[in-house]
Amino acid sequence: MIHELRRLNKCENRRRRGQGMLEFALALPVFLMLVLGVIEFGRLLAVVSSVTTAAREGARYGSAAGLNDGSPMVPYYNDCQGMRDAAKRVGFFAGIQDANIHIGYYDADSGSVVPDPAGYLAGNQCTGSTSSYDYKPSKGPRVVLRVSVQFKFLFLSLPAFPISSQSARTIVTQVEMDVTPSGKTAAPPKTATPTPSGTWFTLTPTSTASETPIPTETPTITGTLPTATATASETPTPTVTYTPTMTITPTPLPPCGFVHVGSWIASGTNQYGFFIYNDSGVSGNPYPGEDIWVRSISIDWESKNSTKSVTLNNIKFGVTFYTAKTGGDPPPVNVGFGNGAGPHLNSSSNGQLDFFFNVDLGTSVVIKTAAVIIEHKDASGQYVDCDYPPNPFSPK
């Protein structure tokens, strides 16, 4: 009996082991598909995120204000290779290369979806290391960067398919900054003030009669009874009154009182400049609309470290470069434009005159002197230097 029970138990155990192996064989493919699916779709999400971030970072680089660190320096929106490098730095997981990146400039005044830059005209393409795109602020241009890669699953037998992302950002060319040491020092506008003149007051005497009785008792000794006699006297008392008289004489407005100039310097970097404001024609301003020009500028500088080099690379007003000499200019630099030929500001407008330097590592630029002379046209049409603010304006 005991032997029979043992035999039955062995058969039962073998049957259970065979059932477990069968169940494992059936569940293993499903489990492996789930694990491999998680891995594949994790890769897919990582590549999508990498491509999206690369497009965004490249467009952000191209829309920044200022100049790059190349030789010669160019605006960021013209630095095509810099935009590609910025995209590749954050898109390494997706294996992004230069061939996966298309860059262009979209300057059509439209609120529609920005199209693929690969289809833009040749003048709006950014294909080389730099571009010669003609920036026009009135069109509100945007730099557009598109990244496209082919994705192929490693374990799933599915065909490869493209993953693309496109980012567009408005190009920025000027940014106002609070900087050290000087900061923005624009002078307040001047207004006409009344000047009192004439006679302040007039003295007019007025007589007022007042009666003051003065009793006087005079005893008289005679052979009769004494008699009292009262004597009254009248004394005039003058009263003074003041009558003020004021007349208003307008004060002439100073020439170019509507011009305000300030300065800034990016601490520890390679930029310095003037802020110039033309407030004529502004509502509430007594000056009618009038144009102004920069007649000449001068600047003198030195390196903070005597063993390091600091050279002037160019002078720029808005998007116009007035000097650009490879290797830089030695100090001091004086630029005279002539009457009506320098940087121009219409009424109710402002501009920024920037100096860009090449600065060796380990030093910074020290501005010794800098000055700008402003001119306008007088009533006869002649160019005249402004008397206000003090001309030439020299920031401290």
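Near ASP378, within a Cβ-to-Cβ distance under 13 Å, what is the net charge of the other residues, with Lys and Arg +1 and Asp and Glu -1? Computed value for this residue: -4.
Among residues other than GLY340 with Cβ under 14 Å from its Cβ, the summed charge is -3 (Lys and Arg +1, Asp and Glu -1).
Each label point was placed 7 Å from the Cα along the Cα-to-Cβ direction; for ASN334 and ASP134 their separation is 3.6 nm.
Remark: region 58-170 carries a charge dipole of roughly 260 debye about the Cα centre, counting +1 on each Lys and Arg Cβ and -1 on each Asp and Glu Cβ. For region 141-168 versus region 7-64, the inter-centroid distance based on Cα atoms is 23 Å. The fewest-to-most ranking of PHE24, PHE317 by surrounding Cβ atoms within 10 Å reads PHE24, PHE317. The simple spin-label model puts a point 7 Å past each Cα toward its Cβ; for PHE92 and VAL172 those points are separated by 2.7 nm.
When only the Cβ of Lys, Arg, Asp and Glu is charged (+1, +1, -1, -1), the dipole of region 259-385 relative to its Cα centre reaches about 360 debye. Extension gain for the segment GLU302 to ALA122, taken as residue separation times 0.36 nm less the Cα-Cα distance, is 60.5 nm to one decimal. Exposure proxy shown here: for ASP134, ASP279, the number of other Cβ atoms within 10 Å sets the order, fewest to most, as ASP134, ASP279.
Toward the positive end of the charge dipole of region 58-170, with +1 on the Cβ of Lys and Arg and -1 on the Cβ of Asp and Glu, the farthest Cα among GLY82, GLY128, GLY95 is that of GLY95. Each peptide among 86-93, 297-304, 334-341 gets the average number of other Cβ atoms lying within 10 Å of its residues, and from highest to lowest they stand as 86-93, 297-304, 334-341.
Every number here is computed from the coordinates shown, using simple stated rules; none is lab data. The model shown is predicted, which means the values in this text are computed figures rather than measured ones. We place every Cβ from the backbone using ideal geometry, glycine too, and count neighbours over all the protein chains shown.
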